[in-house]
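Worksheet: the structure to be examined is printed underneath.
Read-outs: derived from the displayed coordinates by stated rules, not from any lab. It should be emphasised that the depicted structure is a prediction, and the values quoted were computed from it without experimental measurement. Quick reminder, even Gly has a Cβ in these numbers, built from the backbone with ideal geometry, and neighbours come from all protein chains shown.
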Amino acid sequence: MKWHEMEIHDVAESVNTDRDTGLSDREVHSRYGKFGYNELQEAEKTSALLLFLGQFKDFMVLVLLGATIISAFLGEYIDAVAIVAIVLMNGILGFFQERRAEKSLEALKQLSAPQVSCLREGEWIRIPSRELVPGDIIKFTAGDRIGADLRLLSVKSLEIEESALTGESVPVQKSQDPLNVKEAGLGDLTNMAFMGTLVTRGSGIGMVVATGMKTAMGQIADLLQSAEAMDTPLQKRLEQLGKILIVVALILTALVVGVGVIQGHSLYSMFLAGVSLAVAAIPEGLPAIVTVALSLGVQRMIKQKSIVRKLPAVETLGCASVICSDKTGTMTQNKMTVTDIWSGGKQWKVSRTGFDVNGEFTYKERTVVLKEEKALQQILTFGMLCNTAELTETDAEKRIDGDPTEGALLIAGMKAGMTREALSKRFTIIEEFPFDSTRKMMSVIAEDSAGKRFVVTKGAPDVLLGIAGQVLWEDRQQSMSSQYEQRIKESIESMASKALRTIAIAYKPIGRDGVFKQEDAEKDLVFVGLQGMIDPPRPEVKQAIKECRAAGIKTIMITGDHVITARAIAKQLDLLPHNGKVMDGAALNKLSSDDLEKVVEDVYVFARVSPEHKLKIVKAFQKRGHIVAMTGDGVNDAPAIKAADIGISMGITGTDVAKEASSLVLADDNFATIKSAIREGRNIYENIRKFIRYLLASNVGEILVMLFAMLLALPLPLVPIQILWVNLVTDGLPAMALGLDQPEGNLMNRKPRHPKEGVFARKLGWKVISRGFLIGAATLAAFMFIYNRDPENLAYAQTVAFSTLVMAQLIHVFDCRSEKSIFDRNPFENLYLIGAVASSILLMLVVIYYPPLQPIFKTVSIIPRDWILILGMASLPTFLLAGSLLTRKS
Ligand code: ATP
């Protein structure tokens with residue numbers, strides 16, 4: 001189809017849709033059957049079977065399976081079956097861990113899937129872009145990614161960047177008129193918009209003509225690389241560590257086997273013991289558990305309204321030392337209400353907040369008669385004309401569709417009895433130059449019923465003051481003298497110092513000829529007046545800033561708003577310390593990057609900045625060695641979001657571009673959510689440290705007990721199947737439960753972690769080795785004591801060693817919950833851990849006391865008296881290390 005050559009009504013006919021109401025729900029459903037969902041086919045995922053088989057591809061596991069086959073040939077059937085069963089169970093556990101990790105990553109992708117505004121059954125609704133069908137009508141604005149191939153129906157200053165398709169990075173200007181171009185490339189089709197391209201300016205409405213694999217993007221989809229899952233720095237470091245640990249474990253195992261053989265053990269028994277030991281000691285499950293811990297943490301974060309888009313951010317969050325946050329909507333509620341209006345030297349107050357349109361206007365505390373206030377009427381009318389917000393009323397709620405700032409101006413006008421309908425009878429908008437945060441203004445060209453045209457501009461007062469040559473004073477146009485300017489500035493400052501966000505309004509009459517460009521419209525204006533609006537801080541932000549400060553994290557406010565407004569809000573939020581500085585965009589422009597770096601530590605508020613400044617601010621903090629979190633929502637925020645260590649975008653008001661650039665999305669746009677995410681980021685990292693500590697110390701203990709026994713020319717203290725059992729049970733559930741642990745109370749009272757901190761930092765290495773050594777020694781002591789008592793009954797001594805090892809590990813798991821001491825924490829806080837430990841103990845008792853299992857696990861029932869020895873030896877390491885801590889303290 002040559003959509004671009006067709007008139008719009010022909011397009012609508014071809015795709016069988018109604019331009020004014022869109023498709024009906026029934027029609028949409030029947031089209032799913034015909035066209036399918038609007039998605040590009042992705043590369044095949046690993047099947048469940050392959051994932052399961054993947055669990056056994058580990059070299060040592062293969063050796064173990066080989067050894068098992070040999071032992072089966074030698075007639076050791078029970079051994080062989082038991083080993084295979086345990087290896088299988090280990091594989092199943094690994095399989096579920098990996099599946100879970102994969103699933104939650106998948107769910108994350110869904111959560112951050114793009115949404116579009118679509119016309120269905122006569123109403124604009126937001127739906128996932130995946131649910132679009134040909135014939136749908138969608139609207140979009142700057143920052144959106146186009147969800148399907150569209151024929152444009154109407155555009156306002158629309159520019160789209162199509163480099164994803166054409167390679168051309170200069171945005172293309174779009175129009176709605178039919179084209180008559182032969183042999184056109186995609187780049188020439190200016191009345192079409194294509195899936196995956198990016199709206200950089202303006203807005204538009206289009207009709208979907210192709211979805212999914214039928215789109216231009218779908219045609220080249222084979223060329224698209226599917227995004228690879230990213231490993232976090234810790235995962236990478238653990239991978240390297242894992243390789244080292246494999247070598248160390250193999251060397252030690254070889255040592256155990258070698259010494260054992262020299263001491264007279266049979267080669268066969270030592271071989272099987274050695275391979276089992278190697279399988280147990282190699283922490284092959286570590287990366288999977290790390291992923292599970294990360295993804296479980298990520299799920300907890302979702303509940304707290306932060307959506308992680310890039311996994312590495314979870315770790316980086318724990319290192320954040322500066323948060324640069326937008327003010328409007330993030331620190332404040334973005335619920336704006338006009339309270340003060342000023343025009344031509346006169347100032348009115350407006351009553352009632354929110355979407356209540358029954359407010360009154362007062363002058364010097366007296367209610368005014370609106371008819372007599374021409375200037376007031378005029379500024380309210382202009383505020384509604386240069387405005388695209390709509391007030392939607394349903395039974396349940398009133399809501400503003402569009403920019404909250406414009407919503408406030410709309411409500412102010414409605415308080416004076418004006419309505420959109422009445423206004424649209426008096427005026428037609430013939431051109432619109434949308435707001436952007438760099439120009440800090442927006443303009444329309446309107447025509448009244450007499451055919452007279454004029455420009456209305458609204459925007460930041462200081463900016464409009466700069467381009468206004470005249471002023472409306474006592475209903476007359478006067479040229480802008482320095483006195484008038486002074487009076488206006490005083491009014492701006494007086495409103496701003498009350499924390500009001502101020503919008504200035506200006507206008508100018510124009511002729512009817514020719515096209516009017518934005519540059520021509522936005523100059524030589526007549527200054528009409530100011531509307532000041534409150535935007536109260538979010539109540540929880542003050543506390544969040546305080547907590548961040550205690551956690552060694554500095555909060556910086558970045559805003560396009562006026563310096564004085566920004567300062568007033570910063571004061572309300574307790575963000576600005578006594579010696580803290582406020583810097584504005586103009587001052588920022590004058591500073592070189594090096595100069596900014598010198599002073600940046602003292603600045604807490606950046607006001608009247610453009611999105612472009614954000615990058616400079618991020619870099620300055622980074623050069624000072626900070627790990628920077630930066631929020632943003634607009635198209636122009638993307639570079640700063642990308643450059644920041646943690647790029648954060650807004651779930652509600654954020655554009656697709658900002659979301660794509662970010663690694664964290666705030667579902668509720670709230671600053672306090674960043675704090676919760678940082679806390680969770682720190683917690684996840686600490687939990688990973690906890691189970692690394694637990695797993696490695698357990699493994700060291702297992703190897704050492706065997707090594708010591710061989711060196712002392714003792715029999716094997718543990719048989720292979722017991723070693724494998726310990727590996728399966730104690731390393732499985734308890735380690736996972738540690739990953740779900742609650743944070744230690746003081747998590748947000750510490751300084752941020754250094755990003756280069758190694759896995760074994762903060763004495764973790766020492767803790768692993770010392771504890772591993774003690775677990776090994778205690779187990780061996782219990783074994784030797786029983787063996788010396790009754791050398792004839794080796795199986796009994798081995799069962800005691802087995803129980804001591806298991807119990808020592810299960811006690812150690814509680815030690816791992818605290819950086820300081822086991823006695824610092826209430827063990828019943830983490831019920832998962834209690835459950836995991838209880839079930840491990842139960843499984844151990846079953847293996848020891850259940851007669852049918854005894855021959856398999858080579859165990860014997862232990863008499864109750866010996867449990868005193870077992871528990872005593874198992875808890876000895878905890879008491880010894882706690883004791884050594886105490887003596888060091890005193
Ligand atoms: P933040 O960066 O914290 O979100 P902000 O929302 O105040 O701050 P901008 O949206 O860049 O920053 O707004 C900058 C200034 O532009 C505002 O102070 C206001 O004076 C003016 N302004 C904001 N929205 C509009 C709009 N829709 N039309 C005209 N002017 C606007």
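Secondary-structure-derived ellipticity at 222 nm for the chain, considering helices only, amounts to -15500 deg cm²/dmol, per-run term -39500 (n - 2.57) for DSSP H runs with n ≥ 4.
Given a Förster distance of 35 Å, report the FRET efficiency between Gln478 and Thr419 from their Cβ-Cβ distance, rounded to the nearest 0.05.
The computed FRET efficiency comes out at 0.65.
Which shape class, rounded, prolate or oblate, goes with segment 587-686 when its Cα gyration tensor gives a ≥ b ≥ c as root eigenvalues, a/c under 1.5 marks rounded, and past that a/b bigger than b/c marks prolate?
On the way: a/c = 2.11, a/b = 1.36, b/c = 1.56.
Judged from the Cα gyration tensor, segment 587-686 comes out oblate (a/c at least 1.5, b/c at or above a/b).
Of interest is the spacing of the C-alpha centroids, which for segment 372-408 and segment 449-513 amounts to 19 Å. Principal-axis analysis of the Cα atoms of the chain puts helix 764-789 at an angle of about 30° to the longest axis.
Would you please name the GluC sites (Glu not before Pro) within segment 387-429 that are DSSP coil residues with at most 12 other C-beta atoms within 10 Å of their C-beta? Each step should come with its number before you reach the end.
Details: sites: Glu390, Glu393, Glu397, Glu406, Glu421; in loops: Glu397.
Of the GluC sites (Glu not before Pro), the ones in loops of segment 387-429 whose Cβ has at most 12 other Cβ atoms within 10 Å are Glu397.
Distance between the C-alpha centers of segment 660-709 and segment 567-625? Whole Å please. Computed from Cα coordinates, the inter-centre distance equals 33 Å. In terms of the mean number of neighbouring beta-carbon atoms within 10 Å, the peptides 544-551, 795-802 order highest first as 795-802, 544-551.
A cut-off of 5 Å between modelled amide H atoms, ignoring neighbours fewer than 5 places along the same chain, links Thr200 with Gly143, Glu159, Ile160, Glu161.
Every Cα-Cα pair of the chain was included, and the share exceeding 45 Å stands at 44 percent.
Across the alpha-carbon set of segment 337-532, the Rg to Rh ratio works out to 0.94, Rh being the Kirkwood radius. Going by the alpha-carbon gyration tensor, a ≥ b ≥ c the square roots of its eigenvalues, is segment 665-717 rounded (a/c under 1.5) or, if a/c is not under 1.5, prolate (a/b greater than b/c) versus oblate? Since a/c reaches 1.5 and a/b is larger than b/c, the shape of segment 665-717 is classed as prolate.
Per-residue 3J(HN,Hα) values for segment 289-301, derived from phi via the Karplus relation 6.51 cos²θ - 1.76 cosθ + 1.60 with θ = phi - 60°, read 5, 4, 4, 4, 4, 4, 6, 5, x, 4, 5, 4, 5 Hz in sequence order (x marks Gly and Pro). Once the dipole of the chain is set up with Lys and Arg at +1 and Asp and Glu at -1 on Cβ about the Cα centre, which of Gly451, Thr316, Pro134 lies farthest towards its positive end? Final value for the positive-end residue is Thr316. Stretched out straight at 0.36 nm per residue, the stretch from Thr21 to Trp867 would grow longer than its current Cα-Cα span by 296.8 nm. Under 5 Å between amide hydrogens, built in the peptide plane, is the criterion, and for Gln115 it picks out Ser129 among residues at least 5 positions away or on other chains. The packing ranking of peptides 743-751, 202-210, 15-23, highest mean first, is 202-210, 15-23, 743-751, where packing means the average number of other beta carbon atoms within 10 angstrom of each residue. Treating r as the C-beta distance of Val599 and Glu490 and R0 as 25 Å, the FRET efficiency rounds to 0.25. Among the trypsin sites (Lys or Arg not before Pro) found in segment 414-493, those both in a DSSP coil and sparsely packed, with 13 or fewer other Cβ atoms within 10 Å of their Cβ, are Lys452. Between the listed residues Val860, Leu831, Val846, the Cα displaced farthest toward the positive end of the dipole of segment 785-890, a dipole computed from Cβ unit charges relative to the Cα centre, is found at Leu831.
Coupling constants for segment 447-458 follow from the phi torsions by the Karplus curve (6.51 cos²θ - 1.76 cosθ + 1.60, θ = phi - 60°), and in residue order they are 10, 8, 5, 7, x, 7, 10, 8, 9, 10, 10, 10 Hz; glycine and proline get x. When both segment 810-874 and segment 269-347 are represented by their alpha-carbon centers, they are found 34 Å apart.
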